[in-house]
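Worksheet: the structure to be examined is printed underneath.
Throughout, read-outs are computed from the coordinates displayed, never taken from laboratory work. None of these values were measured; they are calculated from a predicted model. Note: ideal-geometry Cβ built from the backbone for every residue, glycine included; neighbour counts use all protein chains shown.
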């Protein structure tokens with residue numbers, strides 16, 4: 001995982017910290033997001049995204065209060081990695097995300113509308129207005145990142161984050 005200092009350096013958002021909120025911080029099991037629409041659960045709801053056949057899981061959330069004179073904002077960044085018993089299981093989880101992403105994006109819910117990009121066969125980047133998500137399958141690992149930043153800030157580069165997370169793996 002990338003440390004909070006790494007994330008601050010990568011994003012330029014120096015306010016990132018580990019929140020002291022249940023369901024956030026450093027976790028060893030996927031956390032459900034109950035209000036995720038059914039068509040989007042396979043893309044954004046961790047227990048569905050990562051499934052149950054992983055052998056190791058870790059997710060770290062960082063958040064930042066963004067000062068602004070009129071409307072303060074919040075930024076968040078979630079990095080998750082699931083390790084599966086074999087590369088086929090990791091690839092299967094990744095392919096489920098790839099297959100579900102178009103229907104989720106097309107359901108006309110602004111928050112979930114993302115433009116998919118496939119920089120390579122092992123990576124899916126989903127770019128939205130203030131939200132960017134990225135997934136990469138790397139051997140037995142499925143890496144996921146999700147970022148949210150206020151509109152006045154530049155989006156966080158999810159591709160750079162999945163690259164860095166993959167490089168940080170033993």
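The table below lists the values:
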read-out	value
Within the chain, helix-based [θ] at 222 nm, where runs of 4 or more DSSP H residues each add -39,500 (n - 2.57), nearest 500	-8000 deg cm²/dmol
GNM result for the chain, Cα springs below 10 Å: residue of 103, 141, 29 fluctuating most strongly	103
Label assignment, mean projected area of the Cα convex hull in nm² derived from the structure, set (i) 13.9; (ii) 9.6; (iii) 10.6	(ii)
Ascending count of other beta-carbon atoms within 10 Å, so fewest first, for 8, 114	8, 114
